[in-house]
Amino acid sequence: MDNAMSEILSRQDHVITRRQALELMSLDALRHRLGGPWQIMLPGVYLAQTGSPSRRQRLRAALLYGGSSAQLADATALHAYGVRYLPPDPTVRVLLAAEAKRANRDGVVVRRTHRRPQPRIIDGLPHCPPERALVEFAARVGERRVATAVVADAVQRGLASLDRMTMEVVHVTGRGAGIARLAVGDVVGGARSAPGSPGAVFHQALCCSARIPMAH
């Protein structure tokens, strides 16, 4: 048991699910650990150490909570891709298959989809493709200038494909869909109006958004 437990904890950043733990110990033993060095992070997900969890452990816990279909999404994924100009967001955002039975809990926000993309593995964790993460961020943030700045940065620095993003944004529905389409349209317009000029896509995209005047 000790070797099996050590292998799971090493592989999962010292985060373990209730199901995994009960395959290796009795319920009484699990309760004893939860009364001592272990702590509950999310329903059915435990941190097998004392002290505050690291960011990576919070990401791992959110994925384990979400289940086998879970992948990091929205601003959480964009942070891993290195996209700039993201507003502060302590929430861990996770994309799940439509049939997953999970609710928002304790700093984790879940979004279900019938169009689950193939995730990209970054540092051992599954992440939503950048184009999907960008359009979902733009729709959620609801501020055209912020959305445009983030999308433009990702495109200018080659972190996301503008063509794939224009195909992705047509699937966005509900509140914020208009902002997402405007932000992507701003960047498309900037790219077409100033090809080949360093920084032109980013500058032109920001100029297209009149919500906040450009600083001079």
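The values are calculated or read from the model by the stated rules, or taken from the named source; none is laboratory data. Just so we're clear, the structure is a prediction, and the values are computed from it rather than from any experiment. So basically every Cβ, Gly included, is an ideal-geometry build from the backbone, and we count neighbours across all protein chains shown.
Whenever a residue of the stretch 1-20 is among the hydroxyl-bearing types (Ser, Thr, Tyr), its partners that are outside any loop (DSSP other than H, G, I, E, B), lying with C-beta atoms within less than 8 angstrom and at least six residues away or across chains, give the pairs THR17/VAL45; THR17/TYR46; THR17/LEU64. Considered as a group, the residues in the stretch 135-150 that are hydrophobic (A, V, I, L, M, F, W, C) and over 15 Å from the mean Cα position of the chain (by Cα) include one that is surrounded by the most Cβ atoms within 10 Å (Cβ to Cβ), and that residue is ALA147. In the stretch 83-117, of all residues being over 15 Å from GLU131 (Cα atoms) and among the basic types (Lys, Arg), the one that is surrounded by the fewest Cβ atoms within 10 Å (Cβ to Cβ) corresponds to LYS101. I'm trying to understand the selection: among the residues of the stretch 94-130, which are over 13 Å from the mean Cα position of the chain (by Cα) and β-branched (Val, Ile, Thr)? Passing the criteria: only THR113. Would you check if there is a residue in the stretch 125-137 being modelled with pLDDT of 95 or more and either in a loop (DSSP other than H, G, I, E, B) or outside the structural domain of ILE179 (by TED's automatic domain parsing) (or both)? Checked against the condition, which is being modelled with pLDDT of 95 or more and either in a loop (DSSP other than H, G, I, E, B) or outside the structural domain of ILE179 (by TED's automatic domain parsing) (or both), the stretch 125-137 yields at least one hit.
Taking the stretch 151-170 as the range and being within 24 Å of ARG112 (Cβ to Cβ) and either without any contact (Cβ under 8 Å) to a residue 12 or more places away in the chain or exposed (fewer than 14 other Cβ atoms within 10 Å of the Cβ) (or both) as the test, the residues that pass are MET167, VAL170.
Selection over the stretch 35-79 of residues that are hydrophobic (A, V, I, L, M, F, W, C), farther than 30 Å from ALA152 by Cα and surrounded by 14 or more Cβ atoms within 10 Å (Cβ to Cβ) gives a count of 8.
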